[in-house]
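In what follows, a structure is listed as structure tokens, so that the remarks can point back to it.
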Amino acid sequence: MSKMPLVSFDTTLHVKDTCLCLHVQRAARALARRFDEALRPLDITNGQFSLMMSLNRPAAPNMGEVASLLAMDRTTLTAALKPLERRCLVESFPDADDRRSRRLRLTPEGQALLARAVPIWRDLHEAIDPVLGDGGPDRLRADLLSLA
């Protein structure tokens, strides 16, 4: 039986120091914790804020459009919607042109909560953006979009 070569600890350190995926995941988790904490008084998470914001548009989007925007599959989107629907912040309804498809919209309660959340989101961005330096936030967003 041949012995599989082991990965050296030097390789582990190299991956730790250079892996883009690891660094993006760590930064995303740290940012998510900060936004979750800031939005906690409204009893929503940063993910719920993003989901509700994705519904804030003139025409109610369908599930596929929202899933695509948020880069999640429809099953994950359905699970993420349930707590918001239970709180009557979001509602789904059949598409008038295609009864097999569902559309999503904020309820008046959801719109009111989102209006209270936006100043919190803005304040936190005003605190975080300077850490990235001049042009840093725009550069980071552009770089992340190029990877997505």
Check: Counting only residues that are of a type in the set (A, V, I, L, M, F, W, C), at pLDDT 95 or above and out of contact with any helix residue (DSSP H, G or I) (no Cβ under 8 Å at 6 or more places or on another chain), how many does region 96-119 have?
Finding: 3
Next item on the list: Tell me which residues, restricted to region 118-140, are open to solvent by less than 40 Å² (accessible area, probe 1.4 Å), out of contact with any Leu (no Cβ under 8 Å at 6 or more places or on another chain) and under 17 Å from residue 35 (Cα atoms).
Entry: 118, 124, 137
Checklist line | Close pairs (8 angstrom Cβ cut-off, 6 or more residues apart or separate chains): within 12 Å of residue 42 (Cα to Cα) in region 97-114, open to solvent by less than 20 Å² (accessible area, probe 1.4 Å) and modelled with pLDDT under 95 anywhere | finding: none
Next item on the list: Check region 48-55 and report whether any residue there is within 17 Å of the chain's Cα centre (by Cα) and under 30 Å from residue 16 (Cβ atoms).
Entry: yes
Margin query: Let me spell it out: the conditions are (1) under 20 Å from the mean Cα position of the chain (by Cα); (2) among the aromatic types (Phe, Trp, Tyr); (3) open to solvent by 90 Å² or more (accessible area, probe 1.4 Å), and residue 35 meets all of them except one. Which number is the exception?
Written below: (3)
Next item on the list: Please find, among 24, 15, the residue that is open to solvent by less than 90 Å² (accessible area, probe 1.4 Å) and under 21 Å from the mean Cα position of the chain (by Cα).
Entry: 24
Checklist line | Every residue from region 4-54 that is in a helix (DSSP H, G or I) and hydroxyl-bearing (Ser, Thr, Tyr) | finding: 11, 12, 18, 50, 54
Next item on the list: Take the residues in region 55-64 that are open to solvent by less than 60 Å² (accessible area, probe 1.4 Å) and outside any helix (DSSP H, G or I), then tell me which one is farthest from residue 111 (Cα to Cα).
Entry: 62
Margin query: Quick check on this structure: which one of 80, 67 is crowded, with 17+ Cβ neighbours inside 10 Å, free of Cβ contacts under 8 Å to residues at least 12 places away in the same chain and in contact with a helix residue (DSSP H, G or I) (Cβ under 8 Å, 6 or more places away or on another chain)?
Written below: 67
Note to self: Taking the condition of being part of a loop (DSSP other than H, G, I, E, B) and either within 19 Å of the chain's Cα centre (by Cα) or exposed (fewer than 13 other Cβ atoms within 10 Å of the Cβ) (or both), how many residues in region 87-100 meet it?
What the structure shows: 7
Item checked: First in region 39-50 and closer than 14 Å to residue 88 by Cα, second anywhere and outside any helix (DSSP H, G or I) and among the hydrophobic types (A, V, I, L, M, F, W, C), Cβ under 9 Å, 6 or more apart -> 44/89; 48/89
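The values are calculated or read from the model by the stated rules, or taken from the named source; none is laboratory data. Everything numeric in this text was worked out from a predicted model, so none of it was measured. A quick note on method: Cβ atoms are made from the backbone with ideal geometry, for glycine too, and the neighbour counts reach across all protein chains shown. For the accessible areas, the whole protein counts, side chains as well, though only heavy atoms, and no ligand, DNA or RNA atoms are used. Shrake-Rupley method; radii C 1.70, N 1.55, O 1.52, S 1.80 Å.
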